[in-house]
6 protein chains.
Amino acid sequence: MKNTETSPTALNLPVVDPLPEDTQKYFDLCAEKLGLIPNVLRAHAFDIAKLDAFAGLYNELMLAPSGLSKLEREMIAVVVSAENRCFYCLVAHGQAVRALSGDPILGEMLVMNYRMAQLAPNQRAMLDFSLKMTKSSATIEEADRQTLRDVGYVDRDIWDIANVAAFFNMTNRVASATQMQPNSEYHGQNR
Amino acid sequence: MKNTETSPTALNLPVVDPLPEDTQKYFDLCAEKLGLIPNVLRAHAFDIAKLDAFAGLYNELMLAPSGLSKLEREMIAVVVSAENRCFYCLVAHGQAVRALSGDPILGEMLVMNYRMAQLAPNQRAMLDFSLKMTKSSATIEEADRQTLRDVGYVDRDIWDIANVAAFFNMTNRVASATQMQPNSEYHGQNR
Amino acid sequence: MKNTETSPTALNLPVVDPLPEDTQKYFDLCAEKLGLIPNVLRAHAFDIAKLDAFAGLYNELMLAPSGLSKLEREMIAVVVSAENRCFYCLVAHGQAVRALSGDPILGEMLVMNYRMAQLAPNQRAMLDFSLKMTKSSATIEEADRQTLRDVGYVDRDIWDIANVAAFFNMTNRVASATQMQPNSEYHGQNR
Amino acid sequence: MKNTETSPTALNLPVVDPLPEDTQKYFDLCAEKLGLIPNVLRAHAFDIAKLDAFAGLYNELMLAPSGLSKLEREMIAVVVSAENRCFYCLVAHGQAVRALSGDPILGEMLVMNYRMAQLAPNQRAMLDFSLKMTKSSATIEEADRQTLRDVGYVDRDIWDIANVAAFFNMTNRVASATQMQPNSEYHGQNR
Amino acid sequence: MKNTETSPTALNLPVVDPLPEDTQKYFDLCAEKLGLIPNVLRAHAFDIAKLDAFAGLYNELMLAPSGLSKLEREMIAVVVSAENRCFYCLVAHGQAVRALSGDPILGEMLVMNYRMAQLAPNQRAMLDFSLKMTKSSATIEEADRQTLRDVGYVDRDIWDIANVAAFFNMTNRVASATQMQPNSEYHGQNR
Amino acid sequence: MKNTETSPTALNLPVVDPLPEDTQKYFDLCAEKLGLIPNVLRAHAFDIAKLDAFAGLYNELMLAPSGLSKLEREMIAVVVSAENRCFYCLVAHGQAVRALSGDPILGEMLVMNYRMAQLAPNQRAMLDFSLKMTKSSATIEEADRQTLRDVGYVDRDIWDIANVAAFFNMTNRVASATQMQPNSEYHGQNR
């Protein structure tokens, strides 16, 4: 897979060529495991320090051990991205929800209106908190955190919910501001 | 300076004790250079991998070489945080604007209503773009990026503007969701 | 295909049983041509006069001759439904866009953020007008209609754009207010 | 009464001339019973199939037997139209509320701010539901429907509330998008 | 006319009894000239110093010499009150527009949606500025003031527009917060 | 202190020169007690009748005896001005809160996000009511007033809360519409 094809954003920021060895290995690993190199990584690869910093935080939040399952973290990603109407993240993380849940309709519900999904009460509370963080974070108060504790989350989980929801409020905005295009492979997968 | 005093957030997530040597050195350096250890670092220090990932991205965006000056990046931080009404970030980065600009009234204007400030046209465009990203990122289109180019920004600058504005849309939400308290020293500085 | 299975809404309004002959023929025709009886028809079929009135207006707006193609009318349907976050209509009419355009990514773009699609200027103006009608119809003035004329629409087309956009502002609300479930067949089609 | 005078909208769509016999009879009946031919009918009369489809749904929703009185359906019409600031519908249906209720101040309250009216609890719940459908239909959930059941509505009534509220979300938008003028006779009636 | 009948607000704040001589004269003058004592005056008359301060500012803004006619000031009052959905002010000042303009339909248009009225360009600009002040005053900048100058207003007129629009943003909120009832006589007048 | 220096607003409305004796005395008194003549007074001083009417209402609301302390009235002023993002009022009344409370961090919290402050329940309810009046006054109903009574306010206090909150909704808009500059002395005081 070529790294230097057309930029995945509207900015003219070509991928470093050749890539440093570690980066090339990371991209090769993506291609092997996912069948593609996510465009968000290629978008950052005009500056390897920025790519590493972004990937470092992403991996820590989405892949490291947590009281939240990987699916739950992807569910937050989709609900936040739906509120922000981020095409890139809805396509990429909508596919992740379909893949991890084995439930393509759940993926669509989270993209379109998560209130239509029949969710466990703790998952619903997790998504409601993520949405409130997205729409009006300044109005969050102790009662909101207590609602999460009341459905079983511990403070470490609340940290993780808050940080995943916040992270997609960052990446949604980078993707929209740069018109980042998702890899077209996602669209047809896990339907 | 003790690392393990009362948590700077409403979550019960105590700082790792003792800190790893590298982290302790980093905190000591902060204390020496800033006269304080920013509470946002102490808030993350319950998990050193998370602290490192967060600090890695922060440093890359706010301190690495860029077409934007450090003051300009802090100006974006304050305008985004004002829209999101994030107490932590307004206090900490409002102080940074006062310090870096030597203009305490500029700091207040950015906190309260940046439209009151007499800014260079490129800085005004930079802040308008950051605000639009904060309020309605999905509506950003090529015309918005062109507006930035028309006042002299190159695509690499646009990437940096977008990523700094997006980053504070993340940290504002983590701070508000966890009721993070800023260090009280900031309030009186550079007035 | 049985007409009287579980209601497609959260209201307990069973389908008339047996259906009048004309209605049964209409449903049989749907099943034959579409492979399903759209749940919106079954939802109305507790009262045949209401079903007929609804279907009468729907068919007149979406299927009768018009300066707008059927695809264009479906594009309006999806963009309006996206703004209103109507799960039923996004699923059903998103599928229609995929089918009529042969472009599954276009369908996803209209569901998620139509500004990401590369559209002909007249189609973009048509969708912008439909969105403005959806969000703040009271602010529409002559200048908005003139924008449509400037890209080639005649007044009869403007009537059709306005009525299709308005119609989905009606059906979106009925579907959301009654938690109407789309037929599950739509999800996987034309991906 | 002449059918072909100045168009009641900003679109140049002349009334069919002569009208088909059935349509002329319908208009004559309106003139006889109401003292006027509602401009919304004349606006549709450039295409008799569209007029018939529109009038068919209108009559089914507003005049057919229902658990809601005609006054209650007009109250919904006014509250929805007030939220959408639709001049045509506020004038026409505001007059209907004054006429059917014999209470001109009630009509004004519903136009201006329905919360000022002293209403029976079920009517207030009906209007609150209609407003929520108008402003944020995607957030309606089972609890909202249950609130209606708790004040005595059955599921068939909920269907009717939802469909009347939705219908005016359609007509408000057509009227505003085409700058439809209400018949001037309404203004002074039932004051 | 009795001063001490039922309070015109939801607060239990009885009118001073007896009224001081000057106040009684003022109320008698209102009764003679207007045929009623405006309820907003009776609402303040539990404390004569507050009544005098309020009436002093009201009279200065609405009745003193100005580049704006009394009708124009009432038009601003209605458009601001429409945005704020203030029942009291819409009823009282809607009647004033009808009376001063001799055009009852103009009064209704300003109450319902001022964009429907055919206004002179300077009056339209005046109302647009008043609406922007009402909805998002912090976004007003020099360009907005220049728009007013471009249609012929001098700086003294701009002051008057701004102060009248601002005044009704005050009184709307007092009336709504206290559920102030307008005198019922207004409803039928000048129809 | 000279009265006729550069105008404190963007409007060319010079201070009357010389000032009438009473006005000069009032300004001298301000200079003596506050160390400055508030720019809002100089802005009105192009027309002494307007200055007197404004100052009359201001003094009655902010300085006359009330169940609310002067600090509490200033707290309302700041929270309303924060919602409206009024630079003038945030600077001037933010300083007043710092001075009257002796708590500079409280002043900053009210400017930035009053929900971060640890307030007595009655003060919190007072500020919540003031914010609701600012954002959506038309939705205030008896339950909102009862919430204030439940934390100990009597109806006279509710009148005062409503009128102070409403007053700053007026002055915020005048200040923003005219780009009124606060006296620079406020910024550094009571930090």
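The values are calculated or read from the model by the stated rules, or taken from the named source; none is laboratory data. This structure is a prediction, so every number in the text was calculated from the model and none was measured. Virtual Cβ from ideal backbone geometry, glycine too; neighbours counted across all protein chains shown. Surface areas here come from the heavy atoms of the whole protein model, side chains and all, with no ligands, DNA or RNA. Shrake-Rupley method; radii C 1.70, N 1.55, O 1.52, S 1.80 Å.
Using the Kirkwood formula on the Cα atoms of chain C, what hydrodynamic radius do you get, in angstrom to one decimal? So the Kirkwood estimate lands at 17.3 Å. Screening chain C for DSSP H helices whose Cα atoms reach 27 Å or more along their own axis and whose mean Kyte hydropathy is at least -1.0 gives C:155-178.
Pairs of Cα atoms under 8 Å, at least six residues apart: use those to get the relative contact order of chain B, whole percent.
On the way: 221 pairs, mean separation 55.6, N = 191.
Normalised by residue count, the contact order of chain B is 29 percent.
Once you sort the root eigenvalues of the Cα gyration tensor of segment D:100-140 as a ≥ b ≥ c, which label holds: rounded (a/c under 1.5), prolate (a/b larger than b/c) or oblate (the other case)?
Working: a/c = 2.78, a/b = 1.98, b/c = 1.41.
Taking the square roots of the gyration eigenvalues as a ≥ b ≥ c, segment D:100-140 is prolate.
Counting only heavy atoms of the protein chains and using a 1.4 Å probe, E:LEU100 has close to 90 Å² of accessible surface. Binned at 5 Å from 0, what are the whole-percent values of the Cα-Cα distance distribution for segment D:14-62, short to long? Over segment D:14-62, the share of Cα pairs per 5 Å bin runs 5, 21, 32, 31, 10, 1 percent. The value given for segment C:134-175 is a Kirkwood hydrodynamic radius of 11.2 Å, derived from the mean inverse Cα-Cα separation. Here is the size of the protein assembly as shown from its Cα atoms: Rg then Dmax, 30.9, 93 Å.
Per residue, chain C exposes 36 Å² of solvent-accessible protein surface, assessed with a 1.4 angstrom probe and all protein chains in place. Here the relative contact order of segment F:89-157, from alpha carbon pairs under 8 Å that lie six or more residues apart, stands at 21 percent.
More than 21 angstrom separation, counting every C-alpha pair in segment D:1-92; what % is that? Mind showing how you got there, number by number?
Values: 1565 of 4186 pairs.
Above the 21 Å cut-off, segment D:1-92 has 37 percent of its Cα pairs.
Look at the stretch D:50-58: the mean tally of other chain Cβ atoms within 10 Å of its residues' Cβ atoms is 6.
Computed on the Cα trace of segment C:117-191, the radius of gyration divided by the Kirkwood hydrodynamic radius gives Rg/Rh = 1.07. A Gaussian network model of chain B, with springs between Cα atoms under 10 Å, assigns the largest mean-square fluctuation among B:PRO104, B:PRO121, B:PRO38 to B:PRO121. Here is the P(r) of segment A:49-153: all C-alpha pair distances, binned every 10 Å from 0, give 15, 43, 35, 7, 0 in whole percents. Within the same chain, lysines fewer than 8 places from D:LYS25 are excluded, and of the rest, those with a Cα less than 16 Å from its Cα are D:LYS2, D:LYS33. Using C-alpha pairs below 8 Å separated by at least 6 residues, the relative contact order for segment D:124-191 is 35 percent.
Look at the stretch E:123-132: the mean tally of other chain Cβ atoms within 10 Å of its residues' Cβ atoms is 1.
Applying a 4.7 Å Cβ-Cβ cutoff to chain C, the cysteines left without a disulfide-compatible partner are C:CYS30. Other protein chain C-beta atoms within 10 Å of residue C-beta, averaged over B:10-20: 2.
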